[in-house]
Amino acid sequence: SAGTRTTWTWSCWVKRSSTGQQFLFQGGNTDFNDDGIIFDTSDRLSLSIHNGSNALAAKLTAAMLFRDFAAWYNIQVVFDTTNSTADDRIRFYVNGSQLTAFDTRTNPSQNLVSHDINDAATHTIGAFRGSQHFFNGYLADMYFVDGSALEPTSFGAYDSNGVWQAAAYSGTYGTNGFHLAFGDSSSDAALGTDSSGNDNTFTVNNIT
């Protein structure tokens, strides 16, 4: 079912194993009703929001390149079209720091709803519609918080050496929120278990 489509936060630890276009998180299964958090063909972090009828409604593409295969990145995407400041309606954070340099910026209009992240639609992790642009690498501690625009301190903190470290999220999740820790290896299916308390468990495909 649909959640709060004007406001949500996605956070995950990501370690890439190859370059190229790869989807991290995607909602929707029809053209122009699909939104996605991706690494694009130039290895930049990007979020596209469609309007449901043949056009993009918003897009943000970072100038930063993600090509360090040895590095873990804590990537956080905040979507909050209720914000009165246009440049703050989509925000990217990497290892606790907000990105400020972008190659593409098409800000959403105020109170724009996302099609179809957090809508009543299929949501896919690590692929586009489950059939292409597969993510190649490692994922850990994936959070989705429905209805809240959160700061990075909800998911991490700097240690005494100034290195960003993971921290357990202790807030609420909203209706469609989830936390995939990917820590239960008791069966293939258990990897998709939601530990938020919402039971928004994902179906595992082609992972052993």
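The values are calculated or read from the model by the stated rules, or taken from the named source; none is laboratory data. The structure presented is a predicted model; accordingly, all values stated were derived computationally and were not measured. With ideal geometry, Cβ positions are generated from the backbone for all residues, glycine too; neighbour counts draw on all protein chains shown. In case anyone asks, the SASA skips ligands and DNA or RNA and just uses the protein heavy atoms, side chains included. Shrake-Rupley method; radii C 1.70, N 1.55, O 1.52, S 1.80 Å.
With every protein chain present, what is the per residue accessible area of the chain (1.4 Å probe, Å²)? Don't jump to the answer; show the numbers that get you there.
Values: 9290 Å² over 208 residues.
I get 45 Å² per residue for this part.
Taking only protein heavy atoms and a 1.4 Å probe, the accessible area of region 1-89 is 44% carbon and sulfur. The charge dipole of region 95-189, taken about the Cα centre with unit charges on the Cβ atoms of Lys, Arg (+1) and Asp, Glu (-1), comes to about 200 debye, rounded to the nearest 20.
Nearest 0.05, what FRET efficiency do residue 157 and residue 30 give at R0 = 41 Å with Cβ-Cβ as r? Mind dumping the intermediate values first?
Working: r = 40 Å, r/R0 = 0.98.
Efficiency computed from Cβ-Cβ geometry: 0.55.
Summing +1 for each Lys or Arg and -1 for each Asp or Glu among the other residues whose beta-carbon sits under 15 angstrom from that of residue 150 gives -3. Counted by Cβ distance under 11 Å from residue 70, the other residues give a net charge of +2, where Lys and Arg count +1 and Asp and Glu count -1.
Stretched out straight at 0.36 nm per residue, the stretch from residue 103 to residue 18 would grow longer than its current Cα-Cα span by 28.4 nm. Within the full protein context, the accessible area of residue 158 is estimated at about 120 Å² for a probe radius of 1.4 Å. Treating each Cα of region 6-74 as one equal point scatterer and applying the Debye formula with no solvent, the log10 of I(q)/I(0) at q = 0.11 Å⁻¹ comes out as -0.29.
Kirkwood radius and radius of gyration were both taken over the C-alpha atoms of region 55-105, and their ratio Rg/Rh is 1.00. In region 33-117 the Cα-Cα distances spread across 10 Å bins starting at 0 as 18, 51, 26, 5, 0 percent of all pairs.
The three principal axes of the Cα atoms in the chain give end-to-end lengths of 43, 39, 34 Å, sorted in falling order. Sequence-distant contacts, meaning Cα pairs under 8 Å at least 6 residues apart, place the relative contact order of the chain at 25 percent.
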